[in-house]
Amino acid sequence: MRDLAHLDLGLLVAAAGLSLLGILLTWSATTATSGSSFAVRGALNVAVGMALAFAVLRLDARTLRAAVPLAYLAGVLGLLAVLSPLGSTINGSRSWIELPGFSVQPAEIAKVALGLALASALADTDQVRGALARRDVRVGLGLAAVPLALIMAQPDLGSALVVTAMAVSAFAVAGLRARVFAWLFAAAVAVAVLAFTTPLLAQYQRDRLLAFWRPEADPSGIGYQVAQVKLAIGSGGWFGQGLFEGRSTQGGFIPFQYTDFVFSVAGEELGFVGALGIVALEMFVVVRTLVIGIRSRDAFGRILCGAIAGWFLFQSVENIGMNLGLMPVTGVPLPFVSYGGSSMFSCWIAVGLVGNVHAASRRRIS
Amino acid sequence: MTRLHRGTPRERRPFGPFLVPSFRGAGSRGGRGTSGRARLLVMALVVALVATVMVGRLVQLQIVDGAENARAAADINTRHVVVPAQRGRILAADGTVLVGNGSTTTLTISPQALARDDAPKLLARVASAIGREPQSLMARTKACGTEGAAPSPVCFAGHPFEPVPIASDVDASAANALLERPEAYPGIAVRPAATRTYGSRGDSLAQVAGYLTAATADDTDVATSGSGVPTLLGRTGVEKQYDAVLRGRDGKRSTAIGPDGTAQRQVADVPPVAGQDVVTSIRPAVQDAAAKALADGIAAARERGQKAGSGSVVVLEANSGNVVAMTNQPTYDPSVWNGGVTQAEYDSLLDTRAADPLTNRAMSVAGPPASTFKAFSLFAAAQTGVDPNGSYSCPSSVMIGNRSYSNFESQAHGTIDIPKALEVSCDTVFYRWAYDAWVKAGGVKASTDAPDPYASVAREFGYGARTGVDLPAEASGSIPDRATKRREWEATKAASCRRAKSGYPEIADKDRASYLTQVAKENCTSGYVVRAGDAVNFAIGQGDVAATPMQVATSFAALATNGRVPTPRVAVATARSDGSARTALASPEARALSLDARMYARELEGLKRAVSTGTASEAFRGFDLDAHAVYGKTGTAEVYGKHATAWFASFGGADEDGKRYVVVVRVDEGGEGGRTAAPIARSVWDALVRRSR
């Protein structure tokens, strides 16, 4: 009970609410083809995720920090394993490790590992006029570069961008000279230009990015999906067509709807009100994470919360944005809502970590 | 305890109470902690910004463009297939099926296969496999209006993406043999096509029932199916008039389709509503008798040397105007329309040497009604003061102006009364009456609105206007009075004047040419004048008077009912195919005339005598006129250069159910009415009497 008293109830309720919505939307999107089996598995994923969150929450701050190198090592090993013959390729990406009964996406675990590693590395460094020393920047960049490179090798553009967003926000919170930020920005632009002019990106990735720009360029592939999702959300109106009643959803017109495009189920079946609710809850989770980071008295907690907030923010914006036709299509799940064990576990572990930071500052206060 | 640690007001940031973070001094590393917090706050601002953008986009997609997106979503994800409704049948008065439903096998070729270069070879192979001419298959593949296309309705009138029918009524086993070898016959498919079945009365009712052809792009009020099954529309006759009732409402099956175009799931199913049957007043026995009598009568007339190219019979129930029988010659087998007519079939229907078998001549072709018209001129004469009980001289000819007008075959009958004038069909009596009336009205100097009792009485009985029968394409005939003559003159003046100058050099017969030139001169200068000759010809239904057998029948119905002119009709009710939900169609009001009673009585006597002892007596020899009185009038319409057209109009036959019937026969160029038309009517009367017994 002592742990529960230190919980951040708002964060927990928001994440649980999103998870519950996720189960319902998954159910609706898959009921025509699979009945309730996906909903049941989704519920199981949430339960396991919550259990993991509580376990992380109970960890002593020192134990947690001591475990960081191990977690980072595990994350990197997982990413290496997926590139080995253990990994399997789905939709052009070698991102999964198939185990009997389920499959694991090591990139999700790597997100948690990277957040911890960056927080740990950047928290105990020297500061020169409020900015990180050059050596610390190198260490941080190095820590981020390893998983990033491994993820790009799968290739999994979405996760790579998430990892980048985590690193950027961790550096931003830890303190980085404006000049360095400018360099990083220039580098990002250079990478983007390279991505479209050289074979750095896989063809399917370029297709997806272009389809967001011009859906008609690829009308039977990703452009079809973009157009269908846009129409499904657009036909939701104020209150939607009703759960299990959406024409496009129930007609099975949207591939990968219960994973990357689960937001469109909400848009079509729950309407503007439902979609707005999901946006609000996701943003609440991000802001709540930021608030806990701001309240944290130690740099580790602040940077960890910053990295996690950056992760949730980027993933929410990218996922909802691509559903709304505002962002290029990259395969990132909507935190807590999209179906998928690895993503659900890592998100809930992140909630546990944020809760741990919160509890640590509470304990210190009282 | 939390409150204690909340920041001081100065340190609060404008995030609202919910998000207010606690700033309690600096952390362990003073300035650095504060700047880290500031950066987290910047991130919170970023959150607010992106949330605004996303919500804005949601508003745009769901609220502003919501309706449009919903429509587009419905369009993009579903395909609609029209499920054709079963067409209603056309039934006889006793429930006998006159036009029913069936199906036939039609071969189609896909547009893709047709677009290939080797399509002609493929069609040739198909043609030889099913024993048809390659040419006939080819002709049907060309879209209507394109180069080399057959004329409508043989050409292809469907959508560009629909399979194109290439052969109908294909032997099922031959068709299946093609299907078994798709590699040799790519794109060839078989589909059942709905057809109409006509039983034994197809030919006799062909023009009355009408026919169906596939809807084309011009039929904008009808959704074409897009499923390769053409929507059939009634084009003539009952099929056209009652198309909306017969057609029913096509169903629609909406199927969700995936990105690859395959059907995924049925999302909506609007079942078709079968068309309703149309119950007509046609009596099969009378119809059959009329058709047989007409065909036999025409054959007999031809044996006598008459041209007898065409003919019609109309039988009405006098009170209601219900059409009991209606048939025409020449006719054709309407089943040629099934599955699409072939070029050869269509050509033969339009053969200009024969009269048009597609036309319902009984109501669509008007001509001079000849002496049958006297039955109405008599009432006009009564209006001008002719005594119904008087006696009148019937010389073989009378001089009107400088021309002599004679009786048929120039017979003289001495001084006769009115019944006798009808019995022997004396023309000269009518010439005198009409001439007197013409003189009284002002002769050639009469103004356009001068009284014309002969024309006005004819109009009262329904001549010069459509009867309103419930069939399309009715002719209105023509009653040329002074007003209409002036209108026509104004329209044709220029042409007449040209002819008056140039003459008729192309006509070899000198007398004829000079006569026509004379007429043209007259028409040029004073064509609007109703001349004495026009007036007297009018009185005996000759000259420019034109009427359809249907008009003659309704006017005789008025004679049968003491002045009630009915609106004839073919359909009396609609019903579901199981006979339920029978709904009577409103019967149109008859128009009541007030007839001169004394003249009416004399007229009835005359019409009776015409049948018993007069011009039609030969035809009615042996008919039990005492039990079934028949009143009739023969007519022989003479047209220059052609054989005379035979008419017989009759009514009577009051039977047990109190019904009276009208039988009208016209045989074009069939010779004398009494000789050619009356015997046909007699056969019909035999059938009517048999029925009533």
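Data overview
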{"item": "Accessible area of the stretch A:2-365 divided out per residue, in Å², using a probe of 1.4 angstrom", "result": "38"}
{"item": "Integer Hz, Karplus 6.51/-1.76/1.60 couplings in order for the stretch A:335-343, x for Gly and Pro", "result": "x, 6, 9, 4, 6, x, x, 4, 5"}
{"item": "Distant-in-sequence amide H partners of A:ILE90 (H built 1.01 Å from N, under 5 Å)", "result": "A:SER95, A:TRP96"}
{"item": "Stretchable slack from B:ALA581 to B:SER128, in nm (0.36 nm times residue separation minus alpha-carbon distance)", "result": "158.1 nm"}
{"item": "Cross-link table B:LYS485/B:LYS521; B:LYS374/B:LYS440; B:LYS420/B:LYS642; B:LYS307/B:LYS420; B:LYS307/B:LYS485, entries beyond 24 Å C-alpha to C-alpha", "result": "B:LYS420/B:LYS642; B:LYS307/B:LYS420; B:LYS307/B:LYS485"}
{"item": "Rg/Rg_ref, the stretch B:297-347, where Rg_ref = 2.2 N^0.38 Å and atoms are Cα", "result": "1.62"}
{"item": "Global geometry of the stretch B:613-693, whether rounded, prolate or oblate, following the gyration tensor of its Cα atoms and the 1.5 cut on a/c", "result": "prolate"}
{"item": "Interface B:A - total buried accessible surface [probe 1.4 Å, Å², rounded to 100]", "result": "4600"}
{"item": "Cα Rg over Rh - the stretch A:2-365, Kirkwood", "result": "0.96"}
{"item": "For chain B, calculated [θ]222 nm from helices alone, where every DSSP H run of n ≥ 4 adds -39500 (n - 2.57)", "result": "-11000 deg cm²/dmol"}
{"item": "Translational diffusion coefficient (Stokes-Einstein; Kirkwood radius from C-alpha pairs) of the stretch B:350-423 at 37 °C, 0.692 mPa s, in µm²/s", "result": "211"}
{"item": "Distance between modelled label sites at A:PHE239 and A:PHE256, nm, 7 Å Cα→Cβ extension", "result": "3.4"}
{"item": "B:TYR631 - accessible surface, heavy atoms, 1.4 Å probe, Å² rounded to 10", "result": "30"}
{"item": "Helix B:119-130 vs. chain B, principal-axis angle (Cα, 0 to 90°, nearest 10)", "result": "60"}
{"item": "Helix-only [θ]222 nm of chain A, DSSP H runs n ≥ 4, -39500 (n - 2.57) each, per residue, nearest 500", "result": "-23500 deg cm²/dmol"}
{"item": "Amide H within-cut-off set for B:ALA167, under 5 Å, with H built and near neighbours excluded", "result": "B:LEU107"}
{"item": "Between 0 and 90°, nearest 10: helix B:30-58 axis offset from chain B longest Cα axis", "result": "10"}
{"item": "Cα pair distances in chain B, grouped into 10 Å bins until the bin that holds the longest one, percent each", "result": "3, 12, 18, 17, 14, 11, 7, 5, 3, 3, 2, 2, 1, 0, 0"}
{"item": "Percent carbon-and-sulfur accessible area, chain B, ignoring ligands, DNA and RNA, probe 1.4 Å", "result": "52"}
{"item": "The stretch B:413-488 shape via C-alpha gyration tensor axes, a/c threshold 1.5", "result": "oblate"}
{"item": "Bins of 5 Å, starting at 0 and running to the largest distance - Cα pair percent for the stretch B:550-693", "result": "2, 10, 16, 18, 18, 14, 10, 6, 3, 2, 0, 0"}
{"item": "Net charge, B:GLY503 excluded, C-beta distance under 15 Å - Lys, Arg +1, Asp, Glu -1", "result": "+2"}
{"item": "The protein assembly as shown - Cys residues lacking any other Cys C-beta under 4.7 Å", "result": "A:CYS305, A:CYS347"}
{"item": "10 Å Cβ shell holding at most 13 others, DSSP loop, GluC sites (Glu not before Pro): longest site-free stretch of chain B", "result": "B:184-505"}
{"item": "Whether the stretch B:392-549 is rounded, prolate or oblate, judged on the alpha carbon gyration tensor where a/c under 1.5 counts as rounded", "result": "oblate"}
{"item": "Rg/Rg_ref, the protein assembly as shown, where Rg_ref = 2.2 N^0.38 Å and atoms are Cα", "result": "1.53"}
{"item": "In degrees, nearest ten, helix A:134-152 long axis to first principal axis of chain A (Cα)", "result": "30"}
{"item": "Sorted largest first, extent of the stretch B:40-97 alpha carbons per principal axis (Å)", "result": "91, 17, 12"}
{"item": "Heavy-atom accessible area ranking, 1.4 Å probe, most first, across B:LEU114, B:LEU471", "result": "B:LEU114, B:LEU471"}
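The values are calculated or read from the model by the stated rules, or taken from the named source; none is laboratory data. Given the structure is predicted, the values throughout are model-derived calculations rather than measurements. Backbone-built Cβ (ideal geometry, glycine too); neighbour counts: all protein chains shown. Keep in mind that these areas ignore ligands, DNA and RNA; they rest on the heavy atoms of the full protein, side chains included. Shrake-Rupley method; radii C 1.70, N 1.55, O 1.52, S 1.80 Å.
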